[in-house]
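The values are calculated or read from the model by the stated rules, or taken from the named source; none is laboratory data. In this text, all values refer to a predicted model and were calculated from it rather than measured experimentally. Cβ: placed from backbone, ideal geometry, glycine included. Neighbour counts: every protein chain shown.
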Amino acid sequence: MKKIGWLGMLLLGGAVLWWSQEPANEWRGQQAIAMEAHSQLQLSVPKVVPLTNLASLQGNWLQSTITADLQILPTEPHNQPANPQSQPPTFDSPTQQSQPQPQPQLPQQQPQAPAQPRPQSHSAAYPLLTVEGVALTDTKAELLELLGAPARIEQDSYTPEFAIYHYGNLQIGMSVEGIRFVRVLSTAGTIRIDGRSMPMTLEAIQAELGQPDFIAEDGLVYKRPQTALKLFFDMETQRLRSVDLFHRSGE
């Protein structure tokens, strides 16, 4: 009877112990299932990379990608020219270089004619040294040798030392010092000044000598350093009367 009692108590105690441990075992099983599901969820969800490591990861990825591409591309020998089609276009290539603009055509310069010698000035062409070949510096002997004896000699009543030698339309004023003036009358038709002949008119002589240095009431005056030439004209008719060559000291 006692044996049955102890056996019953052992069975009852084991049942109670099993019953008390059953919830703990069930909880442990549920926790294991939950942990397995959590691990599977972590495997399926990508891991979030911190921003601080993102740049380094991108650099490593780019370097690995370039290295892989370089290993795939075939290498060419250094002495072999590169394929021009594989070269990127440069600024000097036809695809980038702008088309040259047409330059304006400049007119061709015509060959210049040789420069013509400038005409001499009136003062250089006409130094006013001689009229009809007679110079104011000639002596009486040189005058007589050149023209011969005058047709007549007109003596001045007020100055006996002064006389006029007449050679037709040419008159020479003579004094003891030498020739005082050389006069050509308008009736001569022509006059020879410094060896050049020209018509005996105001227009012709002025065309040769240019503008006068002085305009008086009775004539036009051309001056040179030692001599002067005066074209006497009639104040009423403005017609030429005579041309006189004389010393500047006697103006």
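Look at segment 227-251 and say how many of its residues are free of Cβ contacts under 8 Å to residues at least 12 places away in the same chain and of a type outside the set (S, T, N, Q).
Qualifying residue count, segment 227-251: 2.
Quick check on segment 119-137: of everything there that is at pLDDT 95 or above and not in a loop (DSSP other than H, G, I, E, B), which residue is farthest from the chain's Cα centre (by Cα)?
The selected residue is V134.
Can you confirm whether F214 is in the same structural domain as V131 (by TED's automatic domain parsing), aromatic (F, W, Y) and exposed (fewer than 15 other Cβ atoms within 10 Å of the Cβ)?
Answer is yes for this residue.
Condition first: out of contact with any helix residue (DSSP H, G or I) (no Cβ under 9 Å at 6 or more places or on another chain) and either within 27 Å of R239 (Cα to Cα) or in contact (Cβ under 8 Å) with a residue 60 or more places away in the chain (or both). Now tell me which residues in segment 169-187 satisfy that.
Residues satisfying the conditions are Q171, G173, V182, R183, V184, L185, S186, T187.
Scan segment 138-175 for residues that are of a type in the set (G, A, S) and either over 19 Å from H247 (Cα atoms) or under 60 Å from the mean Cα position of the chain (by Cα) (or both) and jot them down.
Within segment 138-175, A141, G148, A149, A151, S157, G168 qualify.
Can you confirm whether D156 is at pLDDT below 95 and surrounded by 10 or more Cβ atoms within 10 Å (Cβ to Cβ)?
Judged against the criteria, D156 is a match.
What is the number of the single condition among (1) outside any strand (DSSP E or B); (2) in contact with a Gly (Cβ under 7 Å, 6 or more places away or on another chain) that I164 does not meet?
The failed condition is (1).
Does segment 128-141 contain at least one residue that is touching a Phe, Trp or Tyr at 6+ places or on another chain (Cβ under 8 Å) and either surrounded by 17 or more Cβ atoms within 10 Å (Cβ to Cβ) or not assigned by TED's automatic domain parsing to the domain that holds Q206 (or both)?
Yes - at least one qualifying residue is present in segment 128-141.
Among the listed residues L229, L220, identify the single one that is buried (at least 16 other Cβ atoms within 10 Å of the Cβ) and either within 22 Å of S175 (Cβ to Cβ) or not assigned by TED's automatic domain parsing to the domain that holds M174 (or both).
None of the other options fit; the residue is L229.
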